[in-house]
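Remarks on the structure that follows.
The values are calculated or read from the model by the stated rules, or taken from the named source; none is laboratory data. Here the structure is a predicted model, which is why all the values come from computation and not from measurement. Because the Cβ atoms are built from the backbone with ideal geometry, glycine has one as well, and the counts that use them run over all protein chains shown.
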Amino acid sequence: MTSLLIAAERLIVTRATAAPAGSSPSQVVSPGYVRLDGGHIAEVDAGRPPGRPDVELTGGTLAPGLIDLQVNGYYGHDLVDADEAGWHTVVRRLPETGVTAFLPTFITAPIPTLVAALRTAAHWLSPSPSPSPLPSQSSSPFPSPSPASAPGGSRVLGVHLEGPFLSRDRRGAHNAEWLTDPTPEAVRTLLAAGPVTIVTLAPERAGGLDAVRALSQAGVLVSVGHSDATADQVKQAADAGARMITHLFNAQSGVHHRAPGVAAQALADARLTAGLIADMAHVAPVVCKVAFAAAPGRIVLVTDAAAAAGMPPGRYDLGGEPIDLPADGPPLRADGTIAGSALRLDAAVGNVAGLGVDLAVAVDAATRVPADLIGRPDLGRIAPGAAADLVWLAAADAAETGLRARATWIGGELVFENTRRPWAPAPDDGPATHGSKGRDRP
Ligand SMILES: [Zn+2]
């Protein structure tokens, strides 16, 4: 791997030392530079770089590569039953949205279907650059990733099982027939099948708290979701080891002032970090602002993307059953239930920043916060020693609104660019030597 010096008009840097309470450890630096070497970040600093940069980023913001903890599918493919070509497409093309690492997510399905999907996912697992803190991964029956998880694509960090241990009353687009209690046997079967990183469950189901304890002890991140729990039941789940809430406000009990539910406890309990689908349709903009204000550093932006994401309006699959993507708004089941999203994570960051949330905080919610939550502090930050996963975010349109990925690097290699190298020095500035090595146009 080669060394690369990138100068940026603006970049978001994460401090190594603890930030003062309530403030983000990440901040915007302008201008600044970053030197990549051997797939990692070797040096970061403010000001102009010490030597001639290989890449000069004018405008926009250089950010850590985005990390999405909830991706059901994308580009026409539903990952629960995607074939090799489908997985390949999703893994290779997610960097177009700035996503450099993600958790394939399977919604409720019969246990044998989930077992098969977990076995497939194991073959796409990205090699861990550092010893995994998750025992369930280190004891995986699959000794090494197959060559299928080739360089040039987004890193597969593990699987998010969103079901089948969910509340019938809060099932959303999940098939009620396949919902079941989290028996020790069901939990064991799923853990043995593949690399489980997150399990979303409803702790009020029979055996729910025992399952939270067993999964947490196995190194799995337990997320309360599709749940009708009271705030007190969520507190008990957190006492048992749960640390996340799945898509805050959606498919869960809310914030009624005399009958607080999942969302109220999520915002109040400092042990919990909440996923948020910031497409401005799943959760109203003003409520997204409330979430960021109430739980600083504890909101994770997720897409909950379905196969319809990145595709034109039409019929697609979610969890093996049909959904329809209209011309405007999220995908729907035939009965009108919202079924996943067609959101891009880069757009979600822009949406949140557009609400007045500090840009560094919005980026943090899609990078450092999810990385830390799943025990991967080697990812999600521009800091010495971190993986050289980066995205250059720029305005989505001529009106200078929104955000889109303009270029994406994974492990120091340029894997996506959406223009003809707009950052190249002018021709009379000497030959451009950058951007030509390791490029892999999707
Ligand atoms: Zn869901």
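List of remarks:
- Applying the criterion of at least 1 residues that are more than 15 Å from Arg381 (Cβ to Cβ), within 16 Å of the ligand (Cβ to nearest atom) and touching a Gly at 6+ places or on another chain (Cβ under 9 Å) to the strands (runs of 3 or more DSSP E) found wholly in region 1-115 leaves 66-71, 99-107.
- Residues of region 65-87 classified as under 26 Å from Val199 (Cβ atoms) and out of contact with any helix residue (DSSP H, G or I) (no Cβ under 6 Å at 6 or more places or on another chain), total: 13
- Leading residue by the ranking (farthest from Thr337 (Cα to Cα)) among those in region 199-253 that are of a type in the set (Val, Ile, Thr) and within 16 Å of the ligand (Cβ to nearest atom): Val222
- Matching residues in region 299-337 - criterion: being more than 30 Å from Val361 (Cα to Cα), of a type in the set (A, V, I, L, M, F, W, C) and either in contact with a Gly (Cβ under 8 Å, 6 or more places away or on another chain) or within 15 Å of the ligand (Cβ to nearest atom) (or both): Leu318, Ile323, Leu325, Leu332
- Checking Ala263 against (1) buried (at least 19 other Cβ atoms within 10 Å of the Cβ); (2) farther than 25 Å from Ala117 by Cα; (3) without any contact (Cβ under 8 Å) to a residue 40 or more places away in the chain; (4) touching a helix residue (DSSP H, G or I) at 6+ places or on another chain (Cβ under 7 Å), the condition it does not meet: (4)
- Test result for Leu390, surrounded by 22 or more Cβ atoms within 10 Å (Cβ to Cβ) and not assigned by TED's automatic domain parsing to the domain that holds Asp78: yes
- Only one entry in Asp324, Asp328 is without any contact (Cβ under 8 Å) to a residue 24 or more places away in the chain, farther than 27 Å from Asn418 by Cα and of a type in the set (D, E, K, R), namely Asp324.
- Within the span defined as region 309-327, every residue fails to be at pLDDT 95 or above, within 15 Å of Leu248 (Cα to Cα) and of a type outside the set (Ser, Thr, Tyr).
- Which listed residue is at pLDDT below 95 and either hydroxyl-bearing (Ser, Thr, Tyr) or farther than 16 Å from Gly39 by Cβ (or both), from Ala398, Ala405, Ala362, Ala366: Ala398
- Among helices (runs of 4 or more DSSP H) entirely within region 179-274, having at least 3 residues that are under 26 Å from Pro296 (Cβ atoms) singles out 231-239, 262-268.
- Across region 172-198, the qualifying residues are those that are closer than 30 Å to Gly336 by Cβ and in contact (Cβ under 8 Å) with a residue 60 or more places away in the chain, and the one among them that is farthest from the ligand (Cβ to nearest atom) is Thr180.
- Apart from one condition, Ala186 fits all of (1) under 24 Å from the mean Cα position of the chain (by Cα); (2) surrounded by fewer than 22 Cβ atoms within 10 Å (Cβ to Cβ); the exception is (1).
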